[in-house]
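The values are calculated or read from the model by the stated rules, or taken from the named source; none is laboratory data. All values reported here derive from a predicted model rather than from experimental measurement. Using ideal geometry, Cβ is built from the backbone for each residue, glycine included, and neighbour counts are taken over all protein chains shown. Quick note on the areas: whole protein, heavy atoms, side chains included, nothing else; ligands and nucleic acids left out. Shrake-Rupley method; radii C 1.70, N 1.55, O 1.52, S 1.80 Å.
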Amino acid sequence: MTMNRQRILTITAAGFILLAGSSLGSYAANGGPVMLGKTNTATKSTTIKTTGNGPALKLKSKKSKAPFSVNSKTKVKKLNADRVDGLNGSALQNKTYVYNLTADIAGNIVRWNLPGVPAGKYLATYSINGTMSGSPTFFGCFFDSGPVFANATLANLGVTSGSGSSFFVSGSGVLDATSRTYSMTCQSSGSTGITVPTPASNAQVSLTRIDKTTTAGSAGSAATPPPRQRGFGG
């Protein structure tokens, strides 16, 4: 009799445990408490609202782990993300650094530093004109890094006036400044002085950050000019 009673009590206790477990599962599913460490499912959205000063939800994780994950690529309205792939939002915006250049030096080499340019790749353009003293034979400009003429890139020769004292030079291209800090350098041959006066329109360098570039080759081919049109050029 005693053994049968113990057996009945054991079966009854197990039944209570099963009922309690199924009850907890249903609570977690709809209207019940959120079960930690478990998968929770509901047929409606769950809203967390705070009436205090702090955030409605705070998630903490290891520094090497994401605080949460999602399974959808759908855009979340009004989500204010401070960083994307480790970059601050301001770093994702295109920004152009413009430098207005002036100079009045004795010699045949003039150099302008370009401070404040973060590491990265840039679409670089420059347009410089001024005057030279002495007996110049040519004038050219380029970007260089470190000592003068080191790692020179985007070099172009200038156009001089008939007397050779005035010059104009321009150039553009992709400047890779991810591991170097570049300056703008101009050199003349045979001159004893270089003057780039104001206003700023006489000489300007602009650097526009670009996040990605694709490089491809293109071979030139001979081209035939179009037939001469009547009424054009005589």
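Of note:
- Contacts under 9 angstrom Cβ, first residue in the stretch 37-56 being on the phi > 0 side of the Ramachandran plot and assigned to a loop (DSSP other than H, G, I, E, B), partner surrounded by 10 or more Cβ atoms within 10 Å (Cβ to Cβ) and among the β-branched types (Val, Ile, Thr), 6 or more apart: none
- Test for ASN94: is it closer than 21 Å to THR160 by Cα and either among the aromatic types (Phe, Trp, Tyr) or out of contact with any His (no Cβ under 9 Å at 6 or more places or on another chain) (or both): no
- Output for the stretch 131-145, where each listed residue is within 16 Å of THR195 (Cβ to Cβ) and free of Cβ contacts under 8 Å to residues at least 60 places away in the same chain: GLY134, SER135, PRO136, PHE139, CYS141
- Filter pass, ALA81 being assigned to a loop (DSSP other than H, G, I, E, B), surrounded by fewer than 10 Cβ atoms within 10 Å (Cβ to Cβ), at pLDDT below 80 and among the small types (Gly, Ala, Ser): yes
- Of THR215, THR195, THR181, all but one fail to be open to solvent by 90 Å² or more (accessible area, probe 1.4 Å) and closer than 22 Å to SER127 by Cα; the exception is THR181.
- Single residue of GLY86, GLY140, GLY107, GLY116 found to be open to solvent by less than 30 Å² (accessible area, probe 1.4 Å) and either of a type in the set (Val, Ile, Thr) or on the phi > 0 side of the Ramachandran plot (or both): GLY107
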